[in-house]
Amino acid sequence: MPKIVDAEARRHEVVQAVFRIIASDGLERASLREVADEAGLAVGSVRHYFASSDELLVFSFAAVIDRLARRLEAALVSVEDASPESPEQHNAVLNLLGQFLPLDEELAVDACVWMAFRHAARIKPVLADEAERSHRTVAAIVGRLIMLLNPGEADAQQTLVTEAERLLATMDGLCMHALLQPEWMTAEMCSDVLTAHLRSLGAVPAGR
């Protein structure tokens with residue numbers, strides 16, 4: 001009797017192959033043939049789920065956005081549950097922001113893939129919609145974080161947007177620096193930089 005293939009599981013396998021290729025060799029190598037080889041599948045099997053390389057890349061970009069968003073949403077719950085300005089809240093905020101950074105192997109792959117897709121969207125129109133969704137999704141969560149740390153910002157829309165963009169820019173810079181200089185930008189160094197930035201937001205007591 002032929003083995004029944006779970007379509008969702010197979011797509012997940014293919015996407016994981018895309019992620020591994022991007023993390024090791026860059027997005028340019030993520031063709032259908034290369035991905036099929038990496039996944040241990042025939043090209044025809046991959047084409048059964050993705051008609052073209054563009055379709056595969058868009059699906060993979062969406063997958064990494066969704067993974068990041070789920071982690072951020074889960075981490076935001078811990079921030080919401082902690083007492084304001086408490087050590088527990090500070091640690092919860094560091095955990096949330098750490099989801100952007102390559103602090104372990106899984107996060108490193110996702111960070112590399114996410115940054116690669118966002119960069120590629122500048123010259124690949126097929127990725128533009130997902131790039132826009134990526135920014136809006138992450139910016140909305142970061143905006144909610146800013147409001148939790150400084151409730152008064154909710155009444156000043158422009159200030160809220162500015163602070164959210166400032167934090168996003170900080171996270172982008174840290175992520176890129178940690179990917180390019182992992183020996184220097186360690187998890188401890190990232191934590192120190194984030195603590196300094198949170199202090200500038202008034203979210204960490206000066207003595208910490």
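The values are calculated or read from the model by the stated rules, or taken from the named source; none is laboratory data. None of these values were measured; they are calculated from a predicted model. Cβ atoms come from the backbone with ideal geometry, glycine included; neighbour counts cover every protein chain shown.
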Quiz item: Restricting attention to the range 80-103, which residues are acidic (Asp, Glu) and either at pLDDT 90 or above or in contact with a helix residue (DSSP H, G or I) (Cβ under 6 Å, 6 or more places away or on another chain) (or both)?
Solution: Glu80, Asp81, Glu88
Quiz item: When both residues are 6+ apart or on different chains and their Cβ atoms are under 6 Å apart, which pairs have a first residue that lies in the range 68-84 and is over 19 Å from Arg136 (Cα atoms), and a second that is aromatic (Phe, Trp, Tyr) and part of a helix (DSSP H, G or I)?
Solution: none
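Condition test on Ala164, is it over 23 Å from Glu28 (Cβ atoms), out of contact with any strand residue (DSSP E or B) (no Cβ under 8 Å at 6 or more places or on another chain), surrounded by 17 or more Cβ atoms within 10 Å (Cβ to Cβ) and aliphatic (A, V, I, L, M)? Quick ask: steps written out before the conclusion?
Values: over 23 Å from Glu28 (Cβ atoms): yes; out of contact with any strand residue (DSSP E or B) (no Cβ under 8 Å at 6 or more places or on another chain): yes; surrounded by 17 or more Cβ atoms within 10 Å (Cβ to Cβ): yes; aliphatic (A, V, I, L, M): yes.
Yes.
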Self-check item: Conditions (1) of a type in the set (D, E, K, R); (2) closer than 28 Å to Ser53 by Cα; (3) in contact (Cβ under 8 Å) with a residue 12 or more places away in the chain; number of the one not met by Glu132
Solution: (3)
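What residue, of Val58, Val15, is modelled with pLDDT of 95 or more and crowded, with 20+ Cβ neighbours inside 10 Å? It would help to see each step written out before you state the result.
Details: Val58 fails: crowded, with 20+ Cβ neighbours inside 10 Å.
Unique residue meeting the criteria: Val15.
Can you pull out the residues in the range 166-188 that are farther than 20 Å from Val77 by Cα, of a type outside the set (S, T, N, Q) and at pLDDT 90 or above? First the steps, then the outcome.
So in the range 166-188, the residues farther than 20 Å from Val77 by Cα come out as 166, 169-170, 172-188.
Retained after the next criterion (residues that are of a type outside the set (S, T, N, Q)): 166, 169, 172-180, 182-185, 187-188.
Those that are farther than 20 Å from Val77 by Cα, of a type outside the set (S, T, N, Q) and at pLDDT 90 or above: Ala169, Asp172, Gly173, Leu174, Cys175, Met176, His177, Ala178, Leu179, Leu180.
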Practice problem: Please go through the range 59-103 and pick out each residue that is over 19 Å from Arg133 (Cα atoms) and outside any helix (DSSP H, G or I). | Solution: Ala82, Ser83, Pro84, Glu85, Ser86, Leu101, Pro102, Leu103
Quiz item: Out of curiosity, is Val126 modelled with pLDDT of 95 or more, surrounded by 13 or more Cβ atoms within 10 Å (Cβ to Cβ), β-branched (Val, Ile, Thr) and assigned to a helix (DSSP H, G or I)?
Solution: yes
Exercise. Look through the range 129-152, keep the residues that are of a type in the set (A, V, I, L, M) and under 14 Å from Val64 (Cα atoms), and return whichever of them is surrounded by the most Cβ atoms within 10 Å (Cβ to Cβ).
Key: Val138
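Would you mention how many residues in the range 129-165 are more than 22 Å from Val79 (Cα to Cα) and either modelled with pLDDT under 95 or not charged (D, E, K, R) (or both)? So that I can check it myself, show each step before the final result.
Taking the range 129-165 and keeping what is more than 22 Å from Val79 (Cα to Cα), we get 129-133, 158.
Okay, now just the ones that are also either modelled with pLDDT under 95 or not charged (D, E, K, R) (or both), so 131, 158.
Total satisfying the criteria: 2.
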